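As structure tokens, the structure follows; a few thoughts come after it.
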Amino acid sequence: MIIVFLSATVLGLFFILNSDQMSGNAGDKLDASALESVLSVNQEAALHRKATSGVKAPAFTLKDLNGTTHTVAGAEDKPIVLQFWASWCEACSVEAPTLKKLHERYEDKVDFYGVNLSSEEKQASAIKTFIEENEWRFTNLLDANKRASYLYELHALPTTFIIDTDGTVLDTFHLIDPMEFESKLEMLTEGR
């Protein structure tokens, strides 16, 4: 019995110590240095797929407002725009019309996902109201336990990630000028 216990303890310690060394797999948390490498890559070159950060977007699974489960990230048919938001966030309200417009323009070339920090909403109804008032027609997911925001090292709202079809993070930013946002998607979708 003691031998089994000691073996299990040693095996458990082995997995714990080696889990920090494993990286690059979908679902692994982005670390600060990985985010820095995304920001240090020439974004125009990255969006034209001439340069890459090499940072893989963590995969996550969340439910939408209807209870349907969605998995985001990894290899996809189209690039992804992933925006973290909350209904009480003023900057999110400012950027909401831009997201609506860009989704309408690029929905056949880019998948759009909103991730609401539902654990920080005062009223659950505010989420649906925000989506309806802004006429968003793309998938919005509820990050009730902050798992996705943890994986993406979220520190501010809104935070947007542009993810390529191979799951590589091409760009990340907070509230930006609508023309600059559109320019990023134009570069990304050229030739598609």
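Here are the numbers for this structure:
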quantity	calculated
Residue that is surrounded by the fewest Cβ atoms within 10 Å (Cβ to Cβ) [pool: residues in the range 133-144 that are part of a loop (DSSP other than H, G, I, E, B) and touching a Leu at 6+ places or on another chain (Cβ under 9 Å)]	A144
Among the candidates R147, R105, residue that is open to solvent by 80 Å² or more (accessible area, probe 1.4 Å) and modelled with pLDDT of 95 or more	R105
Breaking point among (1) more than 15 Å from the chain's Cα centre (by Cα); (2) modelled with pLDDT under 95; (3) surrounded by 15 or more Cβ atoms within 10 Å (Cβ to Cβ), for K100	(2)
Breaking point among (1) surrounded by fewer than 21 Cβ atoms within 10 Å (Cβ to Cβ); (2) part of a helix (DSSP H, G or I); (3) modelled with pLDDT of 75 or more, for I16	(3)
Qualifying residue in the range 115-129 (condition: polar (S, T, N, Q), within 20 Å of T71 (Cβ to Cβ) and touching a helix residue (DSSP H, G or I) at 6+ places or on another chain (Cβ under 7 Å))	yes
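The values are calculated or read from the model by the stated rules, or taken from the named source; none is laboratory data. Bear in mind that the values here come from a model prediction, so they are computed numbers and not experimental data. Cβ coordinates were reconstructed from backbone atoms using ideal geometry, including for glycine residues, and neighbour counts include every protein chain displayed. SASA here: full protein model, heavy atoms, side chains in, ligands and nucleic acids out. Shrake-Rupley method; radii C 1.70, N 1.55, O 1.52, S 1.80 Å.
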